[in-house]
Amino acid sequence: MADAGARRKQVGAKAREKLDALDALLRQATALVDAPQALRENATEAANKLIEAQVLRKLRATPLNDLRNVVAKGVRFGKLADAGYRTAADIRSVPVSALIAVQGVGENSAKAISRAAAQVAQQFRQDTVIRFDVSGRPARDTELLSSLVKLRAAEQAAKRLRPDVERLRDQASPLSEAARRARSRVRMFFSGKEKRTAALTALQDIEALLAGSGVTALRRDIASAEAAVAATGSQTDELWRSYESSAADISSLLSTLSGVQRADDTEAAHGYASNDLARKIQAVPLDTSRLTATLRGYQVFGAQYAITQRRVILGDEMGLGKTVQALAAAAHLAANGQNLFLVVCPASVLVNWINEIGKHTVLPAHGLYGAGRDAATEAWARQGGVAVTTYTTLGRLSLPTARLSMVVVDEAHYVKNPQAQRTQAVLSVVDKAERALFLTGTPMENRVEEFRNLVGYLQPAIAAKVQPLDALGGARAFRRAVAPVYLRRNQEDVLRELPERLEMDDWVQFSDADERHYRRAVMSGHYMKMRRAAFMAGKGGSAKVERLLEIVEESAASEWKVIVFSYFLDVLACVREAVGPVAFGPLTGSASPRRKQELVDSFSRRSGHAVLLSQIEAGGVGLNIQAASVMIITEPQWKPSTEDQAIARAHRMGQFRKVHVHRLMAKDSVDERIREILEGKTRLFDAYARKSTAKESDARAVDTAWHSEEAAKGRIVEVERRRLGGDDY
């Protein structure tokens, strides 16, 4: 009886207390698990605000006259400009009736102009990619980032706690249902014995459940998760640090928001080609038997594209491997019985092409330039393989009469002028080739007339169909429209997160002027003069300066910032003169820490493209130069750690574009000797050293001082003097 009385005391207020506690816990747990939905809506709203702001900026930058290219002929713009309508944004911001009210604009014209502005706005929106401004941290970026970081924290918490919450629901639901009648003494009084017993038993089970270790741990986890989600993103500095450490995760989360999803990686890697075109291209399996490089997926597609489409432009952004894709196409064709390939390129990258052929393929490489060009051309005609020549030399060559398997035209914007002699020379070989592949990293959507010319050389029918609206609508729309002849991928299309830094050795061949400066430095026995001789001829005479300017120009087209590192102040002065007003610096070792930071801050704040000049040791210590995406090292450094420290200033967490590292090096020079020593490749040194007496050679072989840094520098001077015929010194 006593037990029954105690159980009856649980009815009414005490039952309600237990049931309310269970309901409250379930509501709290459910709210935490369901929180991501509301936070996702907040993030989506913030993202769309940011997108709309970017679209509005683009519309404001689109002159009213640009809409004339979008509407049909006969549409009258009347006195819209006089009425204050100067941009597409002005048109977009008013109803059609406001346009009709302008003198000279009829109803049909007003509707057409309004539709054109709406169409351009829609294309801008589709092509807009959200990029967080880590340096400026604008308010809209911070708002969106805060929403995303909170959403990520909530989703992580929900994912972690969902199994425990669902288990609690499964346990609590039948108990709560059975115990509900115990809330009311009256209801219990009129219930049958079986139902009263079930209700009282359920109350006991609820009490045990709430007191159990599982629910105690769940309460603790819920409270901890709530606090973590609430605190996340509340402090601006902490918020941006979170982004620096988890950029890939946050970017992936951003891509899942409604209205801001981007095309998937596969579509982007295909350059937004149609599904039918992509299937056609991929139907040709790539034969890599004569290729020694390992290709990324998008590079495989690029090679297949060149093979299948036959006469095309590969316009990938700098650093994505246009060269290796061209060589992969050639290697495939070579494996299928074709054997005559010709590369036409600027003189500054000819040596680079020859090196890349040897590095990435088993195909013979032939350099068609200089005094031996005719003999090299004959050897190529006999043996087959890949011949490399320059725009200047091409017109002087006696090319084989056999049809060429493929012509590759590097830096194809060099032939944008149809009337130029170099263009005529290139077209004469393109016309005789089975396939033609033009390479250019310059975004063609910004240069529609140039693009039409290039396409006209390859596929005239497509050139005639290129519409101004395609370019006006933005890069992605443009690429879709011209996909049969133009394939371009950007970094964000194919590389979602910061990978390894992209390091490129840019080998150049000395110009005649370079050769003279270098020979004088060698014969003077001055090691430091030898290292900087390649820049002494300056703009118009130096092969290194020419290559540096090409890199800077391509970086400018993408609005990337560049750092130029050199050990030598006079080299930086030469670069400053060549680069012009976009140059900052130089940042020197003698500058105070405050002055260095001021210079870096000014460079970082500069909107768009800029070039920072820095002594490599001054810029490699204590500074974070995250704004730069491209680094150019003008001469090899004796200590690899010197380069690594400088590169690390930009290649660090918080740098969300890949860092491109270009090392400028001259063939047959001190640069090559330094590289050989650092790589342990002493064969060339040994060959020249054997010209010394046997006694000297034997002594040096066992003398550790011969391999020290200072001795090695002296050895480089000696080897170069011997190589250049200056034995008598």
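The values are calculated or read from the model by the stated rules, or taken from the named source; none is laboratory data. Because the structure is predicted, anything quoted here is derived from the model rather than measured. Ideal geometry is used to build each Cβ from the backbone, glycine not excepted, and the neighbour counts take in all protein chains shown.
Counting the residues of region 185-227 that are hydrophobic (A, V, I, L, M, F, W, C) and exposed (fewer than 14 other Cβ atoms within 10 Å of the Cβ) gives 8. Of all residue pairs spaced 6 or more apart or on separate chains, those with beta-carbon atoms under 8 Å, a first member in region 20-31 that is within 14 Å of D170 (Cα to Cα) and assigned by TED's automatic domain parsing to the domain that holds A172 and a second member that is of a type in the set (S, T, Y) and at pLDDT below 85 are L22/S176; D23/S176. When N42 is tested against (1) at pLDDT 85 or above; (2) within 30 Å of R169 (Cα to Cα); (3) exposed (fewer than 15 other Cβ atoms within 10 Å of the Cβ), exactly one condition is not met: (3). Across region 319-373, the number of residues qualifying as without any contact (Cβ under 8 Å) to a residue 40 or more places away in the chain and closer than 30 Å to V562 by Cα comes to 7.
Of S191, S173, all but one fail to be free of Cβ contacts under 8 Å to residues at least 40 places away in the same chain, not assigned by TED's automatic domain parsing to the domain that holds R606 and not in a helix (DSSP H, G or I); the exception is S191. Residues in region 414-427 that are closer than 19 Å to A463 by Cα and either out of contact with any Leu (no Cβ under 8 Å at 6 or more places or on another chain) or without any contact (Cβ under 8 Å) to a residue 40 or more places away in the chain (or both): Y414, K416, N417, P418, Q419, T423, Q424, L427. Scanning region 331-369 for residues that are within 13 Å of D410 (Cα to Cα) and touching a Leu at 6+ places or on another chain (Cβ under 6 Å) yields L342, V344. The set of residues from region 407-460 being in contact with a Cys (Cβ under 7 Å, 6 or more places away or on another chain) and on the phi < 0 side of the Ramachandran plot comprises just one member, D410.
Return a yes/no flag: does region 154-177 have any residue that is under 41 Å from the mean Cα position of the chain (by Cα), at pLDDT 80 or above, over 30 Å from K49 (Cα atoms) and not charged (D, E, K, R). The answer is yes; a qualifying residue exists. Filtered by the rule that a residue be among the small types (G, A, S), in contact (Cβ under 8 Å) with a residue 24 or more places away in the chain and surrounded by fewer than 18 Cβ atoms within 10 Å (Cβ to Cβ), region 91-119 gives G104, G106, A118. For the criterion of being in contact (Cβ under 8 Å) with a residue 60 or more places away in the chain and either part of a helix (DSSP H, G or I) or of a type in the set (V, I, T) (or both), V165 passes.
Those strands (runs of 3 or more DSSP E) of region 343-425 in which at least 3 residues are within 30 Å of E449 (Cβ to Cβ), considering only elements entirely within it, cover 385-390, 404-409.
Give A330, A326 a once-over and let me know the one that is farther than 25 Å from V661 by Cβ and not charged (D, E, K, R). Going through A330, A326 in turn, the sole match is A330. Using the structure shown, decide if R140 is out of contact with any Lys or Arg (no Cβ under 8 Å at 6 or more places or on another chain) and basic (K, R). For R140, the condition - out of contact with any Lys or Arg (no Cβ under 8 Å at 6 or more places or on another chain) and basic (K, R) - is not met. Report yes if S147 is under 24 Å from A89 (Cα atoms), among the small types (G, A, S) and crowded, with 18+ Cβ neighbours inside 10 Å, otherwise no. Answer is no for this residue.
Within region 254-284, being at pLDDT 75 or above and aliphatic (A, V, I, L, M) holds for L254, L257, A269, A273, L277, A278, I281, A283, V284.
Sort out which residues of region 375-395 are β-branched (V, I, T) and more than 14 Å from Q338 (Cα to Cα), and write them in order of number. Matches in region 375-395: T377, V388, T389, T390, T392, T393.
Considering only region 512-526, I want to know if a residue exists there that is within 33 Å of the chain's Cα centre (by Cα) and either modelled with pLDDT of 95 or more or of a type in the set (K, R) (or both). No: region 512-526 contains no residue that is within 33 Å of the chain's Cα centre (by Cα) and either modelled with pLDDT of 95 or more or of a type in the set (K, R) (or both). Among what's in region 339-386 and is touching a Pro at 6+ places or on another chain (Cβ under 9 Å) and under 22 Å from T423 (Cα atoms), pick the residue that is surrounded by the fewest Cβ atoms within 10 Å (Cβ to Cβ). By that ranking, first place goes to T377.
Residue-level analysis places Q122 outside the set of residues that are surrounded by fewer than 20 Cβ atoms within 10 Å (Cβ to Cβ), in contact (Cβ under 8 Å) with a residue 24 or more places away in the chain and of a type in the set (S, T, N, Q).
If you go through region 391-406 and keep only what is within 25 Å of R310 (Cβ to Cβ) and among the hydroxyl-bearing types (S, T, Y), you end up with Y391, T401, S405.
Here is the figure for region 150-200: residues that are farther than 17 Å from T30 by Cα and among the polar types (S, T, N, Q) total 3. Whenever a residue of region 451-475 is among the aromatic types (F, W, Y), its partners that are modelled with pLDDT of 60 or more and surrounded by fewer than 18 Cβ atoms within 10 Å (Cβ to Cβ), lying with C-beta atoms within less than 7 angstrom and at least six residues away or across chains, give the pairs Y457/L427. Within region 108-139, work out how many residues are at pLDDT below 90, among the charged types (D, E, K, R) and part of a helix (DSSP H, G or I). Total meeting the criteria: 2.
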